[in-house]
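Before any comments, here is the structure.
The values are calculated or read from the model by the stated rules, or taken from the named source; none is laboratory data. This structure is a prediction, so every number in the text was calculated from the model and none was measured. Quick reminder, even Gly has a Cβ in these numbers, built from the backbone with ideal geometry, and neighbours come from all protein chains shown. Side chains are part of the model used for accessible areas, which takes the heavy atoms of the whole protein and leaves out ligands, DNA and RNA. Shrake-Rupley method; radii C 1.70, N 1.55, O 1.52, S 1.80 Å.
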Amino acid sequence: MAENGPIEDVAKKISDELFTRFKWRRNGPMDQDFLCEKQEQHKPAKKMQIHTHPTDVVFYYKDPYLNKTIYFNTDLKSYNKSNINRTKIEAGLSSLAKSIACAKRSPDWQEKYIIDNNNYEIRGLLFVYNHDNESTKDFYEFFYPPKPQSGRRASAVKVDRLGIEKNDQIHIIEPKVIDYMITINTDIEHLIASKKFPDDDDDYGFHYPQLTLHKSSEKHLNKPATIELITSPYLIIKHNETITYNKNGDEQKHYDKGFLIYYNREGKEDMEFLYLLDALSNFQIFDGDNKIRIRVTNRNNVPAIKSVFIRALKNYANAWGLAYDEDKDIMKQFNIEINSINTAKKFVCTQEITWD
Amino acid sequence: MKNNYLYSVTDKALFDGLNQHKITTNHTVDMFLKRGVLVSKNTPKKNLAKSFCRYHHDYYDHQNIAEVLGMTPRKEKTTSSFIKTSSDSDDFWDAANELKTSIINNNDQCNIYMDSDDIIVDITYSSLHYEKSEFNQIVKKNAKIEIIKSEDSFIIRRPDNEQFEGYVDDIISSLVAPKSDTEKSDINLFSISDSKLRSKFFIQFVEGVQNYKLRNVSDVFVYNPDCQFSAEEIMNSDDDDVPEIRKVSLKGKSVLDSQELKSLFDRGFYIWKIRWSLEEDLADPDIFEFEAQFSDMINFTGFSYISKGYWKYKGNGEYNKNKSQLDQDKNSHFLTLFEKSALEIMKSIHTEYEGVVEDESCEE
């Protein structure tokens, strides 16, 4: 059997360690090239051979709001403190923009990767991890360089120059997002170990409240986390009871069904939580009956986050005239709790995939 | 609902908000970028809006959009008082709690907490406007009184309105220290009638902010005290047939250096309100805009200031077209600088004025 290349190794690792929990799937061959469908526009002037585009790996899921399958033509990249700069990112993103423009038009690409022929959308995904675990650079800074201590600011990546086609989207999963996903993964593992979350994958799913313009078409629990959900300020998981069976086959219930909310903001102001509580109430989640656990994952969360949350909860209860006993724990009375969790280990992958 | 409150908006309201003309494609593209998504500017705005409103949004997203749409309540200027007292922080904490009780009794909301060594009295009240769009129906008014321990006194910051002035007076009168031990002062040039010195206060104020360079003075509001009307008439009058010019405002670039302003100074006008921008004393600086004024332009009392946002440096020599709001920390940073410099300038102008008065009396 042929040995896997670095791209395949990394793709498998991402799939197993990161995306499975979020119910993303991988499909088709990895580390492949496909024929460019726009040779005239995309082929470099001096290139003699026929031009192709790369596909490192394709991930997909069914979007409950759009009711269609989203395929990500993924470009895997790694970087360390010293080998990343604006030019490389711009070149990487520009190549991805061209790749998805052609993937949409390519029978070859679609034959390899598309499962549901009727209703789908192809997007680009730049999955970029930090192979030395030392760089803390936020990717947004490449688009809006921060002020240096001295000297001039770095040049910015120009989105206009990337050549993204109308209605196309390129998503970036960068180290900060990877850490957030790993943190959620690790936390759920801990909760499962302490029997506070069901072990079976079918017993939890990502929650899509019925909105005004967007309705979730899927009735079952087992829904994936869309990229929109992962990069939102918070995501909601709906889960069943945690039940185990003893030797005699008797059922033992350890934890109620409810909602687990991962909150990826700092919790600086009461208004932040007041807004969240109101949104949860509109989603018909926060009603005093449902068990709600809010887990704050943001590494910059304020130390007094519990006090800020309690202040917001009291304000909310007062504003709506919801009765509670001042002398007792208000969170217990509303069946809601909040805890900060440690940011988990980084995505450990020393495999280097260059930008060239 | 007992008290009207800011509430979260639906995806439909978000969609409608993002489709308004004030939200440019650049805004939307930047909102996507913050979520790690690159989109084409050629994508119809409606499609971008529809796509964005599928994301969960939070309070800050809401505030950012509402702000661009001009739907956040106008922020009030901040004014600072300086309290010399034998009371300590614990006494202020107790006094603030007395205020909290009275606010809650009036059905508004009040929380008190410590932020490092500062005491924050957070008061929330709202007004409801059903006739407006969902994005703007509830105008949340949230304001804070900050009690800050400085070297030899306490600084109390509050919004510049009568209600909060009353709250601060309540706190001070509840302090345990005897009244004779507590002295409240603020920035004013009440006793200085010299119009040149009053203008000088503002000129030094906009030029003398530590670690920042004056970039532009865009608006200067001047007032002429030497007209025949009483103070009350002037404050209340909107009559067009008043024959004398009492107030003039000049807008433009580097207004302080204009001949027009110089000629107004020569005719006895003085500055009572100013809008200016500062830039960091660094390469590729961000640009910050502020406004300051004496709300009582005749007596030169009620000094207050407000941040009007900042233009973020984008890179490649360009700035964002739209201003962003300062965050809490940055705002506090400027308030501290302003308080320090306003106090110093006030003292030096008083000294200069006393010198002028002495010279005049010697001449007599």
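The table below lists the values:
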item: Residue selected from the stretch A:179-192 under the condition surrounded by 20 or more Cβ atoms within 10 Å (Cβ to Cβ) and within 14 Å of chain B (Cβ to nearest Cβ), by the criterion farthest from the chain's Cα centre (by Cα); result: A:Tyr180
item: Residue list for the stretch A:281-322, filter: away from every other protein chain (no Cβ under 13 Å), assigned to a loop (DSSP other than H, G, I, E, B), open to solvent by less than 40 Å² (accessible area, probe 1.4 Å) and under 23 Å from A:Ile184 (Cβ atoms); result: A:Thr297, A:Asn301
item: Candidates A:Gln210, A:Gln169, filtered to the one that is assigned by TED's automatic domain parsing to the domain that holds A:Phe72 and under 25 Å from A:Ala279 (Cβ atoms); result: A:Gln169
item: Selection count where residues are open to solvent by 60 Å² or more (accessible area, probe 1.4 Å) and either within 28 Å of A:Lys23 (Cα to Cα) or of a type outside the set (D, E, K, R) (or both), scope the stretch A:247-264; result: 7
item: Among (1) modelled with pLDDT under 95; (2) within 20 Å of B:Asp160 (Cβ to Cβ) - the single one B:Glu289 does not satisfy; result: (1)
item: Pick from the stretch A:121-176, criterion of a type in the set (Lys, Arg), modelled with pLDDT of 85 or more and open to solvent by 20 Å² or more (accessible area, probe 1.4 Å), ranking: farthest from the chain's Cα centre (by Cα); result: A:Arg161
item: Pairs with Cβ under 7 Å, 6+ apart, first in the stretch B:35-50 and closer than 18 Å to A:Ala101 by Cβ and facing chain A (nearest Cβ under 7 Å), second open to solvent by 50 Å² or more (accessible area, probe 1.4 Å) and in a helix (DSSP H, G or I); result: B:Lys41/A:Asp160
item: Residue match in the stretch B:78-94 (condition: open to solvent by 30 Å² or more (accessible area, probe 1.4 Å), touching a strand residue (DSSP E or B) at 6+ places or on another chain (Cβ under 6 Å), at pLDDT 90 or above and closer than 22 Å to A:Leu274 by Cβ); result: no
item: Any hit, the stretch A:72-92, residues being at positive phi and either under 16 Å from the mean Cα position of the chain (by Cα) or at pLDDT 95 or above (or both); result: no
item: Checklist (1) closer than 26 Å to A:Leu93 by Cα; (2) touching a residue at least 40 places away in the same chain (Cβ under 8 Å) applied to B:Tyr7, failing item; result: (1)
item: Tally of residues being open to solvent by 40 Å² or more (accessible area, probe 1.4 Å) and touching a strand residue (DSSP E or B) at 6+ places or on another chain (Cβ under 6 Å) across the stretch B:302-330; result: 7
item: Set A:Gln169, A:Gln210: member being over 30 Å from A:Lys77 (Cα atoms) and within 14 Å of another protein chain (Cβ to nearest Cβ); result: A:Gln210
item: Test: residue in the stretch B:125-142 that is modelled with pLDDT of 90 or more and either away from chain A (no Cβ under 14 Å) or exposed (fewer than 14 other Cβ atoms within 10 Å of the Cβ) (or both); result: no
